[in-house]
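Novice: Let me give you the structure first, and then I'll get to my questions.
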Amino acid sequence: MRAVGATLALPTALAALWWVTSADSGNVFLPPLRDILDAFGRVWFSDVLIDDVLPSLRRLATGYGAALALGVPVGYLIGRSPLLGALVNPVLGYLRALPPPVIIPVLLVAVGIGETTKIVVIAFGALWPILLNTADGVRAVDEVALETAAVYRLPAWTRRRLVLRAASPRIFAGARQALGLAIILMVVSEMLMSTDGLGFTVVRFQRSFALPEMWSGVLLIGLLGFVLAKLFERVERHALRWHRGLTGRQEGPS
């Protein structure tokens, strides 16, 4: 409980400060927090939840899942093969530096406006942290452990499993970075080329000068990112229990 209290202390204090300082706001662009919360209840606890939030979550899950499904095995191959790594590193460096929104015009011409384009943008941006961290983690695996596995003639799939387990802290680090990028790209792609979703709805409110409703969408996107990050943290903590034991890290108070 103390950990939960510590996590919520600063957000609660900031929300209280926001409430007090905005209470008498006459700025149409910065409405009082009470108006934003009122709009939040009216907008998001309605059909909008199904019409806009669920499509966004579906795109996020599909794009992020595709990035994981491609990034981990390709990163493993690159990390295990110095020759392959030397061949593809220049190309990977270029693609990693390419901002994902830049490919949106290309996809609009090649694919058109649709689900595929938005999912590809999300997957493209989320792919690189996963792939590169996986490759780095695989390269850093202790060669003595691999030689020991070879001496005992462990099956190839067992050795691959050992490598991925040893590299998993780096893989999870890349997946954590990719999740934040995927949320950003989900919103950007929906703002630019969608007729539904969180990003589209925020822009629609902005264009119609429904500013409390617009701010409620911004608040919802932040809450969504926070909840997903916390869920990922719990999965990571469970999956890497063995790593904390090896490094001597202890669980925080609960």
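The values are calculated or read from the model by the stated rules, or taken from the named source; none is laboratory data. Since the structure is predicted, the reported quantities are computational estimates derived from the model, not experimental observations. Methodologically, a virtual Cβ is constructed for each residue, glycine included, from the backbone with ideal geometry; neighbour enumeration extends over all protein chains shown.
Novice: Kindly indicate which of Leu211, Leu179 is under 17 Å from Phe124 (Cβ atoms), touching a Phe, Trp or Tyr at 6+ places or on another chain (Cβ under 8 Å) and at pLDDT 90 or above. Break it down into steps so the answer makes sense when it comes.
Specialist: Details: Leu211 fails: under 17 Å from Phe124 (Cβ atoms).
Selected residue: Leu179, the only one of Leu211, Leu179 that is under 17 Å from Phe124 (Cβ atoms), touching a Phe, Trp or Tyr at 6+ places or on another chain (Cβ under 8 Å) and at pLDDT 90 or above.
Novice: With in a helix (DSSP H, G or I) and at pLDDT 95 or above as the only criterion, which of Phe226, Phe200, Phe172 stands out?
Specialist: Values: Phe226 fails: at pLDDT 95 or above; Phe200 fails: at pLDDT 95 or above.
Of Phe226, Phe200, Phe172, the one residue that is in a helix (DSSP H, G or I) and at pLDDT 95 or above is Phe172.
Novice: Out of curiosity, is Thr158 of a type in the set (Ser, Thr, Tyr) and at pLDDT below 90?
Specialist: When the stated conditions are applied, Thr158 passes them.
Novice: Say we look at the stretch 1-52 and pick out the residues that are modelled with pLDDT of 90 or more and closer than 26 Å to Ser189 by Cβ; which of these is surrounded by the fewest Cβ atoms within 10 Å (Cβ to Cβ)?
Specialist: Phe40
Novice: For the stretch 144-167, which residues satisfy the criterion of being of a type outside the set (D, E, K, R) and without any contact (Cβ under 8 Å) to a residue 12 or more places away in the chain?
Specialist: As a first pass, look at the stretch 144-167 and keep what is of a type outside the set (D, E, K, R): 144-146, 148-152, 154-158, 162-164, 166-167.
If the condition is that a residue be of a type outside the set (D, E, K, R) and without any contact (Cβ under 8 Å) to a residue 12 or more places away in the chain, then Val144, Thr148, Ala150, Val151, Tyr152, Leu154, Pro155, Ala156, Trp157, Thr158 are the ones that fit.
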